[in-house]
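Below is one structure; the comments refer to it alone.
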Amino acid sequence: MKKQLLFALVLFCSAASAQKKYTASWASIDSRPIPAWYTNAKFGIFIHWGVYSVPAYAPVGKEFDVYSKYAEWYWNRLENDTTNVGRAFRHFHEKTYGKNFKYRDFAPMFKAELFNPSQWVDLFVASGAKYVVLTSKHHEGYTLWHSAQSPGWNSVDVGAHRDLAGDLTHAVKAKGLKMGFYYSLYEWNNPLYHSNVHRYVSEHMLPQLKDLVTRYQPDIIWPDGEWEHPAGTWRSAEFLAWLYNDSAVKDDVVTNDRWGSDTRNKHGGYYTTEYDLEGDKNVKNKKITHPWEECRAIGGSFGYNRNENFADYSTPDDLIHVLIEKVAKGGNLLLDIGPAADGTIPVIMQQRLMDIGHWLKINGDAIYNTSVWAGAYASKHPGVFYTRNGKDLYVLCEQYPSVPLKVSGIKKPASIILLSTHGAVSTAYTGKTLTIVPPAFTPKSGRYAWVFKLAGALD
């Protein structure tokens, strides 16, 4: 027995010592597998919350493009944008607050007095989300924790006088969800960034980012604001080598691809798209080989925009159809909410999340832990998508089918059910082609989209 225990100990020590060490090169960093928890999760909640949540304004309307409608860009639009977009921001600001009111004057008004992290997380759980990504620091440089690199410009020193990042992290992890942080590499108005970017990276950005990781041990690091410099300037591969080798989260942490002007859809962790503006052309009608994630807001803005009306928000059908499409193509959906400065989540956003959660409670087996079915790209049915989980195939229909559906290249399923009713479905199987004849009614319990489960249809 002693020899067996000694042998087991030797094997354990050998495995530990043989654990791969990553070097500060993209060839090495990119060889790290993305932890399976992330690719299985499929649905997460993005949160944009900061000083910009006080003015909570951006223009709306067809004359403005997607990026123009981002309320979290308020400071930059106010001072640096000479286009019609910037003029819209300045007109609102001067009319509402006066010409002499500076952006930093908003910080004491970011009080978060009604912020209840447990209530937030209860909503996230009810939505069916499996992970959360909070803006720890947006491009304005204001941090939601007591950062030594941002004295007087963080949520503990001014505004809420509270560790918002820490309080939410504790609540999220207590409910079993994964917790992540968005972090902007650059800052619009940091003097050191503009005078000496290399000192900024060494003395401000890297220490701040490592402090965030060490304090809260996040499951996701979601960088952004990388586009002004290549990854070498940001020393991104160096940071990732530390993250994957030496940090407390080295085994399970996940990162995205926004590490430099030269890294999107090339390096880092999972690839990212935003309102389908970047990269979706790379996944359309192609077999997915790399994990990726679409991020978008429920409305047009990531940060809360008081100027948005009901018509500016996506419907439950829209959002669930986006989730289905992205997951069927091998991606995740990171859906954003923009809380108000007082810490409340706008009711329409709560309602949308509850609608998604209701649908997922019925149809979640077709979303979570699934992967791409290669045969989907031969489908001739518009608005119909497919996912697979092991030997089971799921047929996801954005509209309730009015005609029979044909699915080719599969085995005869052991059983076929409509998930919203768990009732049997009439079918015919000939020459590896299955014909599904939908029941002649629309099941009310399966609103927004309908899913057929074909058990045992795949090898």
Looking only at the stretch 41-57, decide whether some residue is modelled with pLDDT under 95, in a loop (DSSP other than H, G, I, E, B) and surrounded by fewer than 23 Cβ atoms within 10 Å (Cβ to Cβ). no
Any residue in the stretch 11-34 that is β-branched (Val, Ile, Thr) and in contact with a Leu (Cβ under 6 Å, 6 or more places away or on another chain)? yes
When both residues are 6+ apart or on different chains and their Cβ atoms are under 6 Å apart, which pairs have a first residue that lies in the stretch 308-320 and is within 17 Å of residue 66 (Cα to Cα), and a second that is surrounded by fewer than 17 Cβ atoms within 10 Å (Cβ to Cβ)? 313/348
Identify the single condition in (1) among the hydrophobic types (A, V, I, L, M, F, W, C); (2) more than 22 Å from residue 51 (Cα to Cα); (3) in contact (Cβ under 8 Å) with a residue 24 or more places away in the chain that residue 337 does not satisfy, given that it satisfies every other one. (2)
Residue list for the stretch 376-419, restricted to those being of a type outside the set (Ser, Thr, Tyr) and under 20 Å from residue 39 (Cβ atoms): 376, 385, 388, 389, 390, 391, 392, 393, 396
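In the stretch 94-103, how many are in contact (Cβ under 8 Å) with a residue 12 or more places away in the chain, open to solvent by 10 Å² or more (accessible area, probe 1.4 Å) and either farther than 28 Å from residue 78 by Cα or assigned to a helix (DSSP H, G or I) (or both)? Break it down into steps so the answer makes sense when it comes.
Initially, the stretch 94-103 is screened for residues in contact (Cβ under 8 Å) with a residue 12 or more places away in the chain, giving 96-97, 103.
Cutting the leftovers down to open to solvent by 10 Å² or more (accessible area, probe 1.4 Å) gives us 96-97.
Keeping just the survivors that are either farther than 28 Å from residue 78 by Cα or assigned to a helix (DSSP H, G or I) (or both) gives 96.
Residues that pass the stated criteria total 1.
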Restricting attention to the stretch 256-297, which residues are within 12 Å of the chain's Cα centre (by Cα) and either at pLDDT 95 or above or not in a loop (DSSP other than H, G, I, E, B) (or both)? 256, 270, 271, 272, 273, 274, 292, 293, 294, 295, 296, 297
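Go through the residues of the stretch 426-445 one by one and say whether even a single one is in contact with a helix residue (DSSP H, G or I) (Cβ under 8 Å, 6 or more places away or on another chain) and either touching a residue at least 24 places away in the same chain (Cβ under 8 Å) or more than 20 Å from residue 365 (Cα to Cα) (or both).
Start the filter on the stretch 426-445 by keeping residues that are in contact with a helix residue (DSSP H, G or I) (Cβ under 8 Å, 6 or more places away or on another chain), which leaves 445.
Those still in the list that are either touching a residue at least 24 places away in the same chain (Cβ under 8 Å) or more than 20 Å from residue 365 (Cα to Cα) (or both) too: 445.
Yes, the stretch 426-445 has at least one match.
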Report whether or not residue 239 is at pLDDT 95 or above, part of a helix (DSSP H, G or I) and not hydroxyl-bearing (Ser, Thr, Tyr). yes
Condition first: open to solvent by 20 Å² or more (accessible area, probe 1.4 Å), in a helix (DSSP H, G or I) and under 22 Å from residue 127 (Cα atoms). Can you find one or more residues in the stretch 365-378 that meet it? yes
If you take the residues in the stretch 152-209 that are small (Gly, Ala, Ser) and part of a helix (DSSP H, G or I), which one is surrounded by the fewest Cβ atoms within 10 Å (Cβ to Cβ)? 195
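Do we find that residue 342 is modelled with pLDDT of 95 or more and open to solvent by 10 Å² or more (accessible area, probe 1.4 Å) in this structure? Steps first, please.
On the way: modelled with pLDDT of 95 or more: yes; open to solvent by 10 Å² or more (accessible area, probe 1.4 Å): yes.
Yes.
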From the list 118, 31, exactly one residue is over 17 Å from the mean Cα position of the chain (by Cα) and outside any helix (DSSP H, G or I). Which is it? 31
Please go through the stretch 224-238 and give me each residue that is crowded, with 23+ Cβ neighbours inside 10 Å and under 18 Å from residue 133 (Cβ atoms), ordered by number. 226
Identify the residue in the stretch 115-132 that is under 16 Å from residue 163 (Cα atoms) and of a type outside the set (Phe, Trp, Tyr) and, among all such residues, is least open to solvent (accessible area, probe 1.4 Å). 117
Give me the residue from the stretch 321-330 that is in a helix (DSSP H, G or I) and touching a residue at least 40 places away in the same chain (Cβ under 8 Å) and, out of that set, surrounded by the most Cβ atoms within 10 Å (Cβ to Cβ). 324
Test for residue 400: is it closer than 29 Å to residue 355 by Cα, part of a loop (DSSP other than H, G, I, E, B) and in contact with a strand residue (DSSP E or B) (Cβ under 7 Å, 6 or more places away or on another chain): yes
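The values are calculated or read from the model by the stated rules, or taken from the named source; none is laboratory data. Because the structure is a prediction, the values reported are computed rather than measured. Backbone-built Cβ (ideal geometry, glycine too); neighbour counts: all protein chains shown. Ligands, DNA and RNA are excluded from the accessible area calculation, which covers all protein heavy atoms including side chains. Shrake-Rupley method; radii C 1.70, N 1.55, O 1.52, S 1.80 Å.
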